[in-house]
Each structure stands twice: as structure tokens, then as C-alpha cells.
Amino acid sequence: MDQFILDTGAALAAAGILAGLVWLVNIIRNQRLETALGAALSTNGIGVAYDAHGKPSEFNVQVSNHSAAMIRVRSFVVVTDSFHISLRPASKDAFSQNPLDNAVLQPKFARRAITRGSIPDDEIAGSMLLPPLCLGLWKVEAGSLGKREIEISHAFLVFEYPNLFGKSTLARIRISGKKLELLKSRLEEVNNSSFHGVREPMLAQIEAIHLRG
């Protein structure tokens, strides 16, 4: 009986140690993955599209998955002084392997264990799946931003990624530093240009009469 108790206790202790190790590995893996996701936004990928008349018509951002796991970009939100702006994916599919191309061109190419994970595709509005080492384009049109000038305070990216326990984790990344400053200047350029380009019909008619004398 004493031996049975000792064996049971040893088995339970071993199981507890194994569970603890798995939990620790999952924590370390998630931290590394979130660190990689922190580099999803590059200053080189923040841009403005112009129409045929040279007027800003669209603000767009490249979001890159530098990790070795399949992720879903759930939300890209920019917060202004009075409301928030939700960017939308230009396409539901990853359109470029630019992060992989950049890695290929390096003097040393690190071998990676790619994890496809357990995140299925879905119809969540505003979200997009990104395979490992791929990027997608997020955008907002100038005419949809509002009818006033804006001042941006901060911005967030929300990712969903699979963990080792068959579930998924939501992680929010705050955009800061030079990335936020560039995002602010370019998005405000698009919006404020659109705002100043919109004229009330009544005011335009009055100005036209005044010019005709």
C-alpha cells in the first residue's frame, strides 16, 4: 500500500512537472511570437495613394507577419481627438511575400519551423489571415474619414494567433514612436486634404455669384 501511494505520488509529481514545462514553453513561445508581431508595421509600409489630379485619395498600410505562425489581423484602429478610424484589408488574401523575400536576400537564411496553427478562415468583417512571412494591405479612403480636420492620438493593431493548447490568443500591439508619427502625418494629410476639398454647395454658389459681380 505504501509503495502504491509512493508510485502514485511520483506519477502525479511527474505529470505536474510536465504540465508546468508545457505551460512555460507556451509562455516563452507566445512572448517570442508577440515580439515578432511587434515589427508588423514598418515605416516603409505607411503610404498615401493619389488620384489623377494629385490629390490624396487613400491611406494605406502594409501589415507584415514576421512570425513562423499563421495569424489573423483582427483589427487596425486609429484613435483621433473625437472618434476612431477602423482600417479595412484591401484584400482577404495575403498579396505579397515581401518579408520572406527580404529574409532570402540576407547573407544567412535561418531555418524556421513553420506552424500553420488552428486558426480557420472566416467571414469576420475587417479581419484577414496572414500566413508566415507574408504581408497584407490595409486601407481607408479619404472620403470615408469624416467632415472635419482630425488629430491622431494613438493607434492599435490586434492579432489573433494559435497557442499550444488548441486555442487562440488575442494580443494588442500599440503603435508608437516614429511609426506613429509617420502614420499621423500621412493619415491627417489624406483626411484634411479631403476635408478642405469638400465645399458646401450653398457656399460655392455664393462665391460664384460674387466672382461674377
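The values are calculated or read from the model by the stated rules, or taken from the named source; none is laboratory data. None of the values given here were measured: they were computed from a predicted structure. A quick note on method: Cβ atoms are made from the backbone with ideal geometry, for glycine too, and the neighbour counts reach across all protein chains shown.
Restricting to the stretch 150-185, give me the number of residues that are closer than 17 Å to Gly38 by Cβ, in contact (Cβ under 8 Å) with a residue 60 or more places away in the chain and of a type outside the set (S, T, N, Q).
Number of matching residues: 16.
Could you check, for the stretch 145-165, whether at least one of its residues is in a loop (DSSP other than H, G, I, E, B) and either at pLDDT 85 or above or of a type in the set (Ser, Thr, Tyr) (or both)?
Taking every residue of the stretch 145-165 in turn, none turns out to be in a loop (DSSP other than H, G, I, E, B) and either at pLDDT 85 or above or of a type in the set (Ser, Thr, Tyr) (or both).
Going residue by residue through the stretch 136-143, is there one that turns out to be out of contact with any strand residue (DSSP E or B) (no Cβ under 7 Å at 6 or more places or on another chain) and surrounded by 18 or more Cβ atoms within 10 Å (Cβ to Cβ)?
No.
Keeping to the stretch 76-90, report how many residues are surrounded by fewer than 19 Cβ atoms within 10 Å (Cβ to Cβ) and touching a Leu at 6+ places or on another chain (Cβ under 9 Å).
Residues that pass the stated criteria total 2.
Give the stretch 93-103 a look and list any residue that's in a loop (DSSP other than H, G, I, E, B) and over 13 Å from the mean Cα position of the chain (by Cα), or say none.
Correct list: Asp93, Phe95, Gln97.
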